[in-house]
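Take a look at the structure set out below.
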């Protein structure tokens, strides 16, 4: 074979090799797509978007910071960022539920959000900057939850429950007055003065037999009222519901 033919053969071989290399399936590309698809379940959101999504009653809000901090009002669960899988029972069973995750600065929540997504949850939102950023644009004084269902209460028994009162502002707060809509319901706060970003427990008791008659039988709603010295959040309220029955 002369030199010209040898050169031609080499050129053809190199060309065929390039065609094969370009057209072959890329394992690395497929792997990258798989990771991207998996991580797409986690969305980093701003404090304003987090607050907007938190107003969705279907959303489930999780504080993953350690040590425990004052929670964003409406928080549904508190789970350490490195204990997610061990506390799977605290998360919703429906894995399409929007899960809103936060910590103090955003580092712990980033780890936890990835773990929650890896467990199969498809709508996970991570608060960028954590509560440090959230506090700058979101202030509130809240009584949570909005309502507590006591279920069936037997006339003559006393049912009890608790609410959480949170001063999510940079200023101290004083509780001026605590009252209820009926004498059958009593409420009290464990602390009457709260520091900035501090919470306290509101203890509530319900005694349907207090009036000694049948006025508190059947389906009932009673309201708890709290007055504060914060001019932007002077009046708060939540309710309890109950079905009161008499034993035969």
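Within region 201-221, being under 17 Å from residue 177 (Cα atoms) and buried (at least 18 other Cβ atoms within 10 Å of the Cβ) holds for 202, 204.
Do you know which residues across region 169-180 are closer than 21 Å to residue 232 by Cα and part of a strand (DSSP E or B)? Spell out how you get there, then give the answer.
Let us first name the residues in region 169-180 that are closer than 21 Å to residue 232 by Cα, namely 169-179.
Of everything in region 169-180, those that are closer than 21 Å to residue 232 by Cα and part of a strand (DSSP E or B) turn out to be 173, 174, 175, 176, 177, 178, 179.
Residues that are loosely packed, with under 13 Cβ neighbours inside 10 Å and over 18 Å from residue 231 (Cα atoms) within region 176-187 comprise just one, 183.
We did not get these values from a lab; they are worked out from the coordinates using the rules stated. Owing to the predicted nature of the structure, the values given are computational and were not obtained by experimental measurement. Positions of Cβ are backbone-derived with ideal geometry, glycine not excepted, and every protein chain shown enters the neighbour counts.
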